[in-house]
Structures are given as C-alpha cells and as structure tokens.
C-alpha cells in the first residue's frame, strides 16, 4: 500500500513539475501549435536573390534600373534628391509588414481558433485524478464508551472518466457556430488587410500627385519670373508701362502663394506616407502614377460585389453563426445523457476492514430541465432578434454599397472622359503659350495675352493632376468594394507567409519615362527580339501604278459614247457568256479599244465584242484581214455602224435595270370596341372581415411594395390571396402595404411568420395591432378610392373579334356547366344535409337517453359515495376519539413515570448526600484517631 501511495505521489510531482515547466517555457508550445502564441513580426517570405536579376528590362516595360539616380529637388528643407524612388507594390508590402493593426487583427483570429479548439474538446471525455490523505475526528465514539471522540485515518485515490452522450445536438451546433465565427474573424482580418492596403495607396498617391503639383507650379513660376525679367528690362528702357510691371508682379506673387501651399501639402503628404509605411521607408519617394484602368459595366461590378464584398461576407457568415447558435440553444429543451466511470482504491478509512478496498463505479445520468422561469425560451427569442437585426443591417449595407459603387463608377467614367479633353486642352495650351512666348520675345505679342495663356496652361495642368489622382483613387476604391484589392497585389491572407517580397524590387530603383505605364505584374515573359539597328538605304523609285483591265474597258466605253454614229466598228461573235468574251479581249490584248455586252438574237442571249473605230469601211476591212492573219481566230467578224452598236448597248443597259414591284396592300377590316383591362384588387370578403374585426386583434405586416405588379406576384406565389389585405399609402412615395391574417393572440403568429420568412428572402414581417393598420388605411382613404377612368377603346380585326367571341362563348358554356354542377352539388348537399339531420336527430335522441341513463347511474353512484363518505367520516371520528384516549392515557402514564423518575432521583440524591455525610464523618473520625495517636506517641516519648 505504501508503495502505491509513494508511486502516486511521485507521478503527481513529476506531472506538476512538467506542467509548471511548460508554463514557464512557452517556446516549445509555440513551435508545436502552429505558432499561435507568437507575438513577433509577421511571417515574411523572402524572394530568391536572383529573382530580380532574371527579369529583363523589357519585362519592366523598358524601365531603366538605376541604383543611384537622383533628382535635384529640395522642398522646405527636405532634399528629395537623396530619396530612393520606390514603386507602389514596395510601399504596400512594407506597410503590411510593419502594420501593428494587422498583427492585432491576426491575434484575434488566433483567439477564435483557440475557441474553436475548446468547442471541439466538448466531443472528448474528461479524465480526473484525485488523491486524498488525512485524519478524521468523529463524535460520538460508538466503539469505546470511555473515549469521547473517535479518530481514524483517510487515504484513497480515485480516477473519474466523464463523457457526454447526448445533448440534443447542442454541442454539434455550437461547434458549427464557433466555426462560422472563426471564419468571420478571418474575414475581419482580410478587411483590416484591405484597409491597410488602402491607406498605403492613399499615402503613396498623395505624395505622387502633390509632387506633380509642385512641379507644375514650379514650371509656372519659372515662366512668370522669366516674363518679369523681360518686362523689367523693357520698363527700365521705357518700352513697358508701370501697369505692365505691376501686373506681372501681381501674377508672380499669386503664383508664389500657390507654390508655397502645394509645397506645404507635399511635405504633409510625405510625412503621412512615412508614418503609414514605416521607418524603413523614411527616405523613399513614390513615383508611379500610370496604370491600365479598365472596369466592367455597373451591373457586373455590383453582382461581383454582392458575392465578394468583405463587409457583406461578414454579415453572411455572422447570420449563419447565429442560426447555428439558435439550434444549439434549442438543444437545451432536450434531455442530456452523460456517462461516468470511476475507479477508487481506499487504503485507510472508517469502515475499511481489509487492507485495500477497490470500488469500480459506472453510471448513466439523464438530466432534463422542467422549469427555469423561461430562461431558455428567452435565449431563443434573443438569438432570433439578433438574426433579424443582422438581416436589417445586411440590407442597409447592400444599399450603402450599391450607392457607393454607383457613385464611384459614375465618377471614374466621368473623370476618364474629362481626362481626355483635359489632355487635349493641355497640349493646345502649351502650343498656344509657346507661340505667344516667341511673339512676346520679339515684341509682337501683348503681355496680357501671354499672362492669360500662361494662367490657362497652369490651370489646365493643375486640373489634369487632379483628374489623374481622382481616377487612380476611384479605381482602387472599386477594387476594395468588389473585394479584389488584395488580389490585385497578389497578397494571399490565407497563407501565413503571405507577404512575398520577391515581387518587390526595393533598393533597385526604377525610373519611369514620361507617359510610360508601369505594371505591377513582374512575371517573366518571353524574351522579346531586340531592335535592329537602322541602316541607311537608298530611296526606291516609285512605280506608277498600271490601269486595271476593268478601268481600261470603262474608259473605252466613255470614249465610245463620243464616236460618230456613221463610223464603223468591228463586231466579233458569238461568245457563250461575258467571262469568255473578257478572256478573249485579255488574251488578244485589245482591252484598250474593246468592250463586250449581251444581245438578244432569236430569243437567245448571245455575247459579242465590239472593237476599234474606223471612219472608212475599206480601212476596217483591211484591219480585219490583218488581225485574222496575226491571230488564229475561228470567230465571226463583221462591220457594224456605231449607231447600231449604241442601240444594242442601250437595250442591254435597259435590260439590266430591275423595276421594284408594287407593294401589295392587304386590307384588314377592324372593329372598334372597349378595351378590357383586368386590374388586380384585394380580396373584398377578407377586407370586410378585417375592417370589422376587433381593434385589439393582431395581424402580420408583411412588407411594403413599390408597385402593384410585385405585390401581385408575391401574393400569388405564396397563395395568401384569401387571407390578405393590401392598400395604397403615402410615405414620401406611394407604396402598397400588405397584411396577412387576423389573430386574437400570439399563439399561431410565430409559425406563420417563420413560414413567410423561409419561403421569401429579403422580407422581415412584424406583428402589428389591427387598430394601427385601420388608422393608416383611414388616413390614406383618398388614395384607395377607385377612380372612374374614361373608357379606352381599341381596334381589333374581325378574326380577333371572332376568336374573342368564341372564347366568350366557351367561357359562358363553362359557366353554365359550372352553375349546373353547383346546382347539382347543392341538391346533393341538401339531400345529404337532410339525411345528416335525420341521423343527427336519432343520434341526439340516443345521446339524450344515454345521458339520462348516465345521470341516473351518476345519482346512484353519488348516493353510494355519500353513504361511503358518511361511513368513512364515522370511522375517522371513532379513530380520532380512540387516538385521543390513547394519547390521554399515554400522557398520564408519562406523567406518572416522570413523577416516579423524579422520586427516584430525589432518593438517589438523598442517598448520595447520606453517603457523602458518612464519608465525611468517617474521615473526621480517622483524623481524630490519627491526632489521638500522635498525642499518645508524644506522651510516650516524653515519659
């Protein structure tokens, strides 16, 4: 036994020492548990050292890498020439690496991860160990009458295993709820990430465009100082008036004021940028400003935002978490089943007979709450209220997001258009000022015109900077709303090492050329071919283009129209078609003085070629002989006068014209009739019942609709027309209010509301008193009075009229059949009712007879019960009398016994006194005898 106790103590001491060591040294715990408790910097993934060297200059859009490129600029004591220029992605990644807010948000994610682990631990059993050693003093002592107390040792150890077997799904749904809350925390972390990126972007572009504003105003100041210098020289030489001098001085002073303001703003932006990015980037200068800005139309952006906007995702997941929590709380209404297994070994104890006593105990425990003053129900209602609250806030967030997205989308579209016109204005203003400046130096241009032009140029350049800033800020704002901001920079917050500095080329500064666009994507591209050196080449002689075959023929036809009608041409025929004749002309190279066309010969179409023109018939025949001799031709040659050719050709052209056929007008006879318009209206029967119901009753206020079409679709889709009432009311705009049902209490309202909410998304029905609805209806009574609209007419064809009449006839037949069916049903129902009435009377008679019989039996039973009651009362009275007598006798007996005991006690006390007196007398006698003995001895000694 002692060995067991010693071993147990050693195990306890070792385990406690290990636990204390774990508490002191948390480093191993951090390494084992995914570094959850670590509080140092964010994990940063460094890129390979050769990653940037591998990127070609062409990949960076021919941006030159300069290690020590400096600009000669000093603004208010800040020498930006020693600053290193950095790109936007460098600033963003450095901001994320240094952000304390992001680290704090990450710790919140870690806390929820631990909460999730705690929730998961509810699935596992708990094992407890207990060791007790002590000493007990017990009173009274039943074993030894002489000892007042009983002492014994206690020593035992115990293992207890507990496991929950069933809790109504409470644990399962609580784990799901905490899982969703964990996802909400991660999404909140992403929101903080986007917020930090947005701050870095704002700080970056504030510096970029403030710097550009400084450059614009410095250029303007430089020009005005040059003009002042020229005007001062002219004034000293008498070539300019005092008005010109004071005018230019006023412009210079005004420009200086603007320059001081923009420089101050630049310094302020630079300081804010250093605060956001961190101390490592204190001597860095942003420079990027050009990006490929392409956005989709508003509908696509809005659809994407509804799915990916992180604020909306927060609401989506929070609502899911609350729904799981709701199911978990409803598990409190179910019984709970637990299992407990314990092993106990007692070494010493009060009733332990053997040296060791071992107990193994297993039990199932079922607990079920019967009453707790409605606490569980209130928890369920509270969670329901929280879900409705989140739904309301979600709808409001959607409206707000849509408004912001619409505003920014309109802004970026407008700014893009304005940017194009402003660039054109800047270019034109620069040309204008340049021409004014040359003329002013020569003394040919008025000073005021030059100043006005310079002022216009400065205003246009300032406006251009403003538009560029608005455009790029709006672009990143749209990315934030659609949830694509972190993806734009390839930042993955799901990865613990999400900051990839291999995408950054800080310390390898890139300088953008004028008008060049810088892209954030630095992925490798295929090596582009290098530009070849331009060699000097001799200018080539420009060849005169030849006239085409068709043009030659067309030119000859124009020339043919001027020929003398009595002159002759050679007719060559016949050819199958135009293609064959063209091939002949091209083959014989006679396209300069020939053309072909179709003729009609004995109702057959033939193609001929007419060639050359001769004033004399003999010359024409001589030409034909020579042409046949030079060319082996089997075609028929003949002479024809030009006037005959013109006649044939004009007939050919006339045959090519296609006359447009006359439009066939179809006459349709129409009939004028009244336009039949079916209007959706409320159920009059339910309306009457609703308005006549008690003011203290309740109804469900479903929703308000902006138009009657939506209202009609909602009512018909939910099949609530028979128990619904709607009316028009005015609340800044005209709306339709829909209420459903009449309820005297809250008993069935909750089920109907839940059914409506489950069937329809986006509605939030509430319970309202009928009195309030009636009051609102009366206030808007003028809006709900049916107006007598003028009759509208339409024209329909006889065919449509015939169809309409046919439909009406069919409808009448259906109504007739329906009426006859209803009459037959009524007759059947009447006969059925009479039969039922007869049966009912018989049943009532039987029931009445049965009731009479039962009444008689009941009277007999009551009479018997009364007799029995009287008998029982009599017995009870007799019993009470007997008990009273027994009590009296017992009291008398007790009194006698008490008297006897008192007498015995008195006798005992008297006996005790007598014994004490006898003892005293004996003692005194003994003392007297001793005294006498002493005196006798003294006398004896004296003698």
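Readers should treat all values here as calculations from the given coordinates under stated rules, not as data from a laboratory. Fair warning: this is a prediction, and the values are worked out from it, not measured in the lab. So basically every Cβ, Gly included, is an ideal-geometry build from the backbone, and we count neighbours across all protein chains shown.
In what order do 380, 109 fall by count of nearby beta-carbon atoms within 10 Å, going from fewest to most?
Details: 380 16, 109 20.
The most exposed by this proxy come first: 380, 109.
Ranked from highest to lowest mean number of other Cβ atoms within 10 Å per residue, what is the order of the peptides 312-324, 824-836, 614-626? Mind dumping the intermediate values first?
Values: 312-324: 19.5, 824-836: 10.7, 614-626: 13.2.
Ranking, from highest mean packing down: 312-324, 614-626, 824-836.
Using alpha carbons only, how many angstrom separate the centre of segment 831-865 from the centre of segment 604-648?
Cα centroid of segment 831-865 versus Cα centroid of segment 604-648: 132 Å apart.
Could you give the length gained by full extension between residue 808 and residue 625, i.e. 0.36 nm per residue of separation minus their alpha carbon distance, to one decimal place? Before the final figure, lay out the partial values.
Numbers: separation 183, 0.36 × 183 = 65.88 nm, distance 9.03 nm.
Full extension of this stretch gives 56.9 nm more.
Where does the Debye-calculated log10 I(q)/I(0) of segment 797-942 sit at q = 0.13 Å⁻¹, using only Cα point scatterers of equal weight, no solvent?
-0.98
In nm, give the distance between the simple-model label positions of residue 644 and residue 463, each being 7 Å from the Cα along the Cα-to-Cβ direction.
Label-label distance for residue 644 and residue 463, simple model: 7.8 nm.
Calculate the spin-label point distance for residue 840 paired with residue 339, positioning each point 7 Å from the Cα along the beta-carbon direction, and give it in nanometres.
Placing both labels 7 Å along Cα→Cβ, they lie 6.1 nm apart.
Along each principal axis of its Cα atoms, how long is segment 137-279 end to end? Whole angstroms, biggest number first, please.
Dimensions of segment 137-279 along the principal axes of its Cα atoms: 141, 43, 23 Å.
Give me the base-10 log of I(q)/I(0) for segment 550-656 at each q in 0.19 Å⁻¹, Debye formula, one uniform scatterer per Cα, rounded to two decimals.
-1.01
With a 10 Å radius around each residue's Cβ, average the other Cβ atoms per peptide and rank 701-707, 157-163, highest first. Mind dumping the intermediate values first?
Details: 701-707: 16.7, 157-163: 15.1.
The most tightly packed comes first, giving 701-707, 157-163.
By how many nm would the segment from residue 364 to residue 880 grow when fully extended, if each residue of separation counts as 0.36 nm and the alpha-carbon distance is taken off? Intermediate values should be presented prior to the final figure.
On the way: separation 516, 0.36 × 516 = 185.76 nm, distance 4.77 nm.
Stretched fully, the residue 364-residue 880 segment lengthens by 181.0 nm.
Can you work out D for segment 673-790 in µm² s⁻¹ from Stokes-Einstein, where Rh is the Kirkwood radius over C-alpha pairs, the temperature is 10 °C and the viscosity is 1.306 mPa s? Can you show the working numbers first?
On the way: Rh = 15.2 Å.
Value of D from the Cα-based Kirkwood radius: 105 µm²/s.
Can you list, largest first and rounded to whole Å, the semi-axes you get for segment 403-476 by taking the square root of 5 times each eigenvalue of its Cα gyration tensor? Can you show the working numbers first?
On the way: eigenvalues 245, 16, 12 Å².
For segment 403-476, the ellipsoid semi-axes come out as 35, 9, 8 Å.
Show me 408-414, 481-487, 83-89 ranked by packing, highest mean number of other Cβ atoms within 10 Å first. Kindly include the intermediate steps, with their values, before the conclusion.
Numbers: 408-414: 16.7, 481-487: 20.0, 83-89: 21.6.
So the order, starting with the most tightly packed, is 83-89, 481-487, 408-414.
With the cut-off at 25 Å, report for segment 307-443 the share of all Cα pairs above it, as a whole percent. Let's see the in-between values first.
Details: 6467 of 9316 pairs.
Considering segment 307-443, 69 percent of its Cα-Cα pairs are separated by more than 25 Å.
Averaged over all directions, how much area does the convex hull of the C-alpha atoms of segment 220-371 cover when projected, in nm²?
Working: hull surface 113.3 nm².
Projected over every direction and averaged, the Cα hull of segment 220-371 covers 28.3 nm².
At 0.36 nm per residue, minus the direct Cα-Cα distance, what do residue 111 and residue 564 gain on full extension? Give it in nm, one decimal, please.
On the way: separation 453, 0.36 × 453 = 163.08 nm, distance 10.84 nm.
Gain on extension, residue 111 to residue 564, equals 152.2 nm.
Along the Cα→Cβ direction, 7 angstrom out, place labels at residue 822 and residue 936. What is the inter-label distance in nm?
In this crude spin-label approximation the distance works out to 14.9 nm.
May I ask you to derive the FRET efficiency for residue 403 and residue 484 from their Cβ-Cβ distance with R0 = 22 Å, giving the value to the nearest 0.05?
On the way: r = 20 Å, r/R0 = 0.89.
Using R0 = 22 Å, I get an efficiency of 0.65.
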